Amino acid sequence: MPRPRFSRAPADKREALLDAAAQEFASRGYDDASVNRILLAAGFSKGAFYYYFDDKPDLAVAVLEREAGRYLHLWADLKKPKRARDFWRQIVEILEQGTAQLKAAPGARIDAMLRIGTAMSRNPELAKRMMTPAFREATTKLAAYWKQGQEVGAVRVDLPVTTLLAILQDIKLVLVRALLPHDRTPSPDELVAFGKLHLDLIRRIAEVRHEHA
């Protein structure tokens with residue numbers, strides 16, 4: 001992730017670099033993105049870049065963290081469920097809201113987030129870099145909510161929440177690799193199809209099933 005000093009850089013300087021990086025990642029994808037082109041577009045020297053970042057993965061993390069911020073708050077605003085249906089209603093609403101926002105807000109910043117996300121599914125080293133404080137905080141809050149889901153009978157209890165979320169995360173990465181293109185930004189229809197299947201698998205794996213004799 002970016003070095004802490006990047007957060008103390010002038011705001012206009014930070015935004016110029018992240019905007020240029022978003023444009024590059026959106027148009028060329030993570031693998032083909034060029035740090036040199038990004039620096040030229042942002043008016044950054046190589047020395048300045050390496051003062052703030054170690055490499056391209058660190059820059060990609062900074063771009064993704066900025067763009068994902070508008071979605072992370074959705075998980076932070078979850079209300080404690082009183083019943084099992086409350087838990088799943090909120091999960092469905094948030095996943096559908098996230099898909100709707102992606103469809104309604106095309107542009108380089110969203111495209112960059114999607115293309116970096118698909119690259120993560122094929123690049124374990126890049127995925128490891130994503131565990132920034134912001135993402136860790138969101139993950140902690142999400143785990144707490146799933147624990148509440150267990151308490152109200154919405155979520156299976158034969159697995160610890162951490163194990164269950166790890167399984168669901170791996171499934172999501174597999175779905176990204178299988179359903180979303182790696183050489184372009186996914187279309188709205190592809191995002192909708194991905195979202196529906198993702199939600200279906202989450203519920204099939206995690207939801208408590210009541211068997212009737």
Report task. Would you please name the residue that is surrounded by the most Cβ atoms within 10 Å (Cβ to Cβ), looking only at residues in the stretch 35-46 that are in a helix (DSSP H, G or I) and free of Cβ contacts under 8 Å to residues at least 24 places away in the same chain? Result -> Ile38
Query raised in the report: What is the residue count in the stretch 3-34 for residues that are open to solvent by less than 30 Å² (accessible area, probe 1.4 Å), of a type outside the set (D, E, K, R) and in contact with a helix residue (DSSP H, G or I) (Cβ under 6 Å, 6 or more places away or on another chain)?
Result: 11
Query - Matching residues in the stretch 113-130 - criterion: being in contact (Cβ under 8 Å) with a residue 40 or more places away in the chain and either outside any helix (DSSP H, G or I) or of a type in the set (Lys, Arg) (or both) - result: Arg115, Arg122, Asn123, Arg129, Met130
**Report entry** From the options Ala166, Ala144, Ala134, Ala154, residue that is closer than 22 Å to Ala21 by Cβ and open to solvent by less than 80 Å² (accessible area, probe 1.4 Å)
**Finding:** Ala134
Query raised in the report: Pick from the stretch 92-106 the residues that are among the charged types (D, E, K, R) and either in contact with a Pro (Cβ under 6 Å, 6 or more places away or on another chain) or in contact (Cβ under 8 Å) with a residue 40 or more places away in the chain (or both): which of them is most open to solvent (accessible area, probe 1.4 Å)?
Result: Glu96
Query raised in the report: Scanning for something hydroxyl-bearing (Ser, Thr, Tyr) and closer than 19 Å to Val174 by Cβ, does the stretch 126-133 turn up at least one residue?
Result: no
Report task. Determine which member of the set Glu207, Glu190 is of a type in the set (D, E, K, R), over 27 Å from Pro81 (Cα atoms), surrounded by 13 or more Cβ atoms within 10 Å (Cβ to Cβ) and modelled with pLDDT of 90 or more. Result -> Glu190
Query raised in the report: Quick check, is Phe49 aromatic (Phe, Trp, Tyr), under 25 Å from Arg5 (Cα atoms) and either touching a residue at least 12 places away in the same chain (Cβ under 8 Å) or in a helix (DSSP H, G or I) (or both)?
Result: yes
**Report entry** Yes/no for Asp183 being closer than 22 Å to Tyr30 by Cβ, of a type in the set (Asp, Glu) and more than 17 Å from the chain's Cα centre (by Cα)
**Finding:** yes
Query raised in the report: Within the stretch 167-187, which residues are over 15 Å from Ile116 (Cβ atoms), in contact with a Leu (Cβ under 7 Å, 6 or more places away or on another chain) and not in a helix (DSSP H, G or I)?
Result: none
Report task. Say whether the condition of being open to solvent by less than 40 Å² (accessible area, probe 1.4 Å), among the basic types (Lys, Arg) and closer than 22 Å to Val192 by Cβ is met by at least one residue in the stretch 107-115. Result -> yes
Query raised in the report: What residue, of Arg66, Arg89, is open to solvent by 80 Å² or more (accessible area, probe 1.4 Å) and not polar (S, T, N, Q)?
Result: Arg89
Report task. Could you list all residues from the stretch 69-84 that are in contact (Cβ under 8 Å) with a residue 60 or more places away in the chain and either assigned to a helix (DSSP H, G or I) or open to solvent by 20 Å² or more (accessible area, probe 1.4 Å) (or both)? Result -> Gly69, Leu72, Trp75, Ala76, Leu78, Lys80, Lys82, Arg83, Ala84
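The values are calculated or read from the model by the stated rules, or taken from the named source; none is laboratory data. Just so it is clear, the model here is predicted, and its values are computed rather than measured. All Cβ positions, even for glycine, are placed from backbone atoms using ideal geometry, and neighbour counts span all protein chains on display. SASA here: full protein model, heavy atoms, side chains in, ligands and nucleic acids out. Shrake-Rupley method; radii C 1.70, N 1.55, O 1.52, S 1.80 Å.
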